[in-house]
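Step one of this worksheet: look at the structure below.
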Amino acid sequence: MTAPAVPEELAQRASRRVLVLNGPNLGRLGRRQPEIYGFTTYDELAEHCVGWGRDLGLEVSCRQTNHEGEMLDWLNEAADSEFPVVLNAAAWTHYSWAVFDACAQLVAPLVEVHISDPQQRPEEFRHTSVVTPYAAAVIAGYGIDGYRMALEHLARA
Ligand code: DQA
């Protein structure tokens, strides 16, 4: 997906909160299988997301957890507060019915992001996503740039 330039007026809109939520093992970005996930660290990713958001008039809170319950709490917070969400649920994407149920109650748009493209990877289990049924868009295989594309999508929503 190639994202067109974002019009100036969108960038100047009042700030809107967006949660960028990252699941298990993504805290190890830069060290974890860099041939698949690249060399950008999680801290650098979080910094990029905040900066990209700022340019789009979005106030980004970027979080990562290895604990499913914490992710569910954040998704519940997004539902209650009607925050849009960028979600890379990592391995939970492929089997967590709890994440599926939490996504079902979101009110504002949800964009699913993956750094790699799970559909193109050899492991069969990666070809299923519990997030996709509730996603306004799925952006996969564009590296960390996918997060920028997801934020641009939400800025337009
Ligand atoms: C991932 C893809 C998942 O299959 C994997 O379990 C991850 C990362 C990605 O961003 O490419 O941990 O979500």
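A short reminder: the numbers here are calculations on the coordinates, not readings from a lab. Computed from a predicted model, the values in this text were never measured in an experiment.
Once you've got the GNM for the chain with C-alpha springs shorter than 10 Å, pick whichever of ARG63, ARG28, ARG17 has the biggest mean-square fluctuation. Evaluated over the chain, the most mobile residue of the options is ARG28. Going by Cα centres, the stretch 25-60 and the stretch 82-157 are how many Å apart? Between the Cα centres of the stretch 25-60 and the stretch 82-157 lies a distance of 15 Å.
For the residues ARG16, ARG31, ARG121, a GNM of the chain with alpha-carbon springs under 10 Å puts the largest fluctuation on ARG121.
The HN-Hα couplings worked out from phi for the stretch 91-108 by the Karplus form 6.51 cos²θ - 1.76 cosθ + 1.60 (θ = phi - 60°) are 4, 4, 3, 8, 8, 8, 5, 5, 5, 4, 5, 5, 5, 4, 9, 5, 9, 7 Hz, whole numbers, x standing for Gly and Pro.
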